[in-house]
Structure formats: structure tokens, C-alpha cells
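All of the numbers you see were taken from the coordinates with simple rules; none came from a lab. Keep in mind that this is a model prediction, so the values were computed, not measured. Here the Cβ is made from the backbone with ideal geometry for all residues, glycine too, and neighbour counts use every protein chain on show.
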Amino acid sequence: MKHRKKLIAWLFEKSQKIYGDLFINRKSWGIKKDELLNYPEDSFGKHLGIFLNENNFELIPKGERHDAYHTLTGYKTKVEDEIALQYLCVGNGKRSLYAIGAAVFGGIMLPEYFNYYYKSFCLGKTANAFYHFNYKNLLLVSINDLRSTIFSKHQIKSMYQYKTI
């Protein structure tokens, strides 16, 4: 399993930039992690900055939405969590080639996480649509208000119950 995870991580790393350059037409936010860390304490932007800081990341140019999904849902960055996040997004209605491909390929490569992936897909399916938001415009919104707009209290609780933390 360790080698399969390494392969998937390598493919994620290599495919991310290629996919972004070829298929993503939005502009980069032009915001750095340090700027986000100066946002108000309860804001989505501050929590996004904390997520980036904890993982030693900067925002992915033109792919900032992906880190926003992590922040919104609490999914970690281990390979199995990245795949589960794709299942959540596909369940929520995201139909990008990248999301579907990552979910299918990841599910085939790591079938031992099937229950986690299935629960993530179902969570995305039952949540209010969030995959299409302009997260840059939501950086000052309270993260708790944003989550409660998308997920029920039960869903928020279950998001943390099934993680492979």
C-alpha cells in the first residue's frame, strides 16, 4: 500500500500543474498565506491561512479552490484523504475531468478505503452545492456560518467522524 500511495502522490503532484495550465481558465487570486493569516479570527480566510501554514503550503495558483475545499470540510492532505475529498466533490456535483479521474483512479488503487470514499461521496451528495463557489469572495465570511450554510449539524459532525486523521 505504501508504494501505491507514493505513486498516487507523485501523479497528483505532476498532474496538478498540467491540468491547471490546460483546463483552468480562472485567474490566480494573488494572495499569499501570510495575508490570509491576518484575516479576522473566525473568517474563512484566516482558517484557510492556518490550513496552509500547518501544511507548509502556499495557495496553488488557479487551483486555490482545492485548498478552500480542504479548509471547508476538514479533510487532511494524506493521499487517502485527497481521494476522499475528490469523492466528496464529485458527490456534490463537481464534474471536472480531474475530480472524476482522481476519484476513479484513487478508488481503484486504494480499494481498502472504499467505505471512506463512499461515505465522502454520500456526504457531498446530501450537502448543499459548494463546489462552484467563488471562495475568494468568501474569505471574510465566518467559517462556521459558511459550513452551516452547506452542511447540516449532523453532516458537520460526521465529517470529523470518518476521517483517517
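Observations on the structure shown:
- Restraint check, Lys2/Lys46; Lys94/Lys157; Lys2/Lys27; Lys46/Lys119, Cα-Cα greater than 31 Å: Lys2/Lys46; Lys2/Lys27
- Cα principal axis extents for the chain, largest first, Å: 41, 37, 27
- Ordered by the count of other Cβ atoms within 10 Å of each Cβ, fewest first, Thr126, Thr71 give Thr126, Thr71.
- In a DSSP loop and with at most 15 other Cβ atoms within 10 Å, the trypsin sites (Lys or Arg not before Pro) in the range 48-80 are Lys78.
- Cβ crowding within 10 Å, taken as a proxy for footprinting-reagent exposure, orders Met159, Met109, Met1 from fewest neighbours to most as Met1, Met109, Met159.
- Contact order relative to length of the chain, as percent, for alpha carbon pairs under 8 angstrom and 6 or more apart: 25
- Pairs of Cα atoms nearer than 8 Å and 6+ residues apart set the relative contact order; for the range 77-165 it is 34 percent.
- Each stretch of four or more DSSP H residues adds -39500 (n - 2.57); spread over every residue of the chain, this sum gives -19500 deg cm²/dmol at 222 nm.
- Around the amide H of Ser43, modelled in the peptide plane, lie the amide H atoms of Ile143, all under 5 Å away and 5 or more residues distant in sequence or on another chain.
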